[in-house]
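Just so it is clear, none of the values below were taken in a lab; they were calculated from the coordinates. Computed from a predicted model, the values in this text were never measured in an experiment. Every residue, glycine among them, receives a Cβ derived from its backbone with ideal geometry; neighbour counts consider all protein chains shown.
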Amino acid sequence: MEIDEKDIVTFTGPIFGFEEYRRYVFLYEKELSEHFIWLQSVEEPGLCFILVQPDLVTDDYQPQLPREAGTLLGEGDYMCWLMATLREPFQKSTVNLRSPIVVNPELRQAAQFVLEGNLPIRHPLLREGEGAC
């Protein structure tokens with residue numbers, strides 16, 4: 001797959017556990033859902049994360065970003081994504097509310113933050129009563 005340099009997002013604050021990889025691209029699958037994307041490393045082809053929009057999971061997610069966010073991401077509007085862990089059966093899949101991926105789409109910069117407060121790292125992906133996305 002060929003990636004245009006303008007589509008690459010640089011992580012100015014690394015993904016925890018994957019600090020050596022800083023350049024990624026967002027891959028969208030229209031048939032799947034606009035709420036899910038793949039975060040694919042351009043440095044390591046085997047490294048890919050599934051990200052989910054917070055509003056798919058909860059109505060009241062209002063992350064309070066640390067002060068360093070402005071320094072790492074620059075000025076502008078940010079997009080927030082949650083890392084998903086898919087499990088068998090799918091109903092046991094979770095997202096991490098404590099450590100969102102935050103992106104400045106205009107500057108193509110991103111960072112993962114560990115938020116203060118009592119936010120779970122294994123929040124159910126599906127809302128109660130949902131059987132599938």
If you line up the Cα atoms of the range 71-132 on their principal axes, what length do they span on each, largest first, in Å? 40, 24, 17
Please compute the contact order of the range 1-76 in relative form: average sequence separation of alpha-carbon pairs under 8 Å and at least six residues apart, divided by the residue count, as a percent. 20
Given the -39500 (n - 2.57) contribution per DSSP H run of 4+ residues, what per-residue ellipticity at 222 nm results for the chain, rounded to the nearest 500 deg cm²/dmol? -1500 deg cm²/dmol
Residues of the range 1-44 with amide nitrogen under 14 Å from the 7 Å Cα-to-Cβ point of Glu68? 12-17, 19
Read phi for every residue in the range 95-111 and hand back ³J(HN,Hα) as whole Hz from Karplus 6.51 cos²θ - 1.76 cosθ + 1.60, θ = phi - 60°, with x for Gly and Pro. 10, 9, 7, 6, 10, x, 8, 10, 10, 9, x, 5, 8, 6, 10, 8, 7
Quick one: what are the phi-derived ³J(HN,Hα) couplings along the range 40-54, Karplus 6.51/-1.76/1.60 with θ = phi - 60°, whole Hz, x for glycine and proline? 9, 5, 8, 9, 9, x, x, 9, 8, 10, 9, 10, 10, 5, x
The chain: relative contact order as a whole-number percent, Cα under 8 Å and 6+ apart: 22
In sequence order, what are the phi-derived ³J(HN,Hα) couplings for the range 75-89 according to the Karplus relation 6.51 cos²θ - 1.76 cosθ + 1.60 with θ = phi - 60°, rounded to whole Hz, with x for glycine and proline? 7, x, 8, 10, 10, 10, 10, 10, 7, 10, 10, 8, 10, 9, x
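Which net charge results when you count Lys and Arg as +1 and Asp and Glu as -1 among the other residues whose beta-carbon is under 15 Å from that of Lys6?
Details: positive: Arg23, Arg108; negative: Glu2, Asp4, Glu5, Asp7, Glu106.
Result for the local shell: -3.
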Please report the spacing between the Cα centers of the range 9-38 and the range 85-123 in Å, no decimals. 11
log10 I(q)/I(0), Debye, Cα-only the range 34-78, no solvent, q = 0.15, 0.22, 0.27, 0.33 Å⁻¹? -0.63, -1.00, -0.97, -1.01
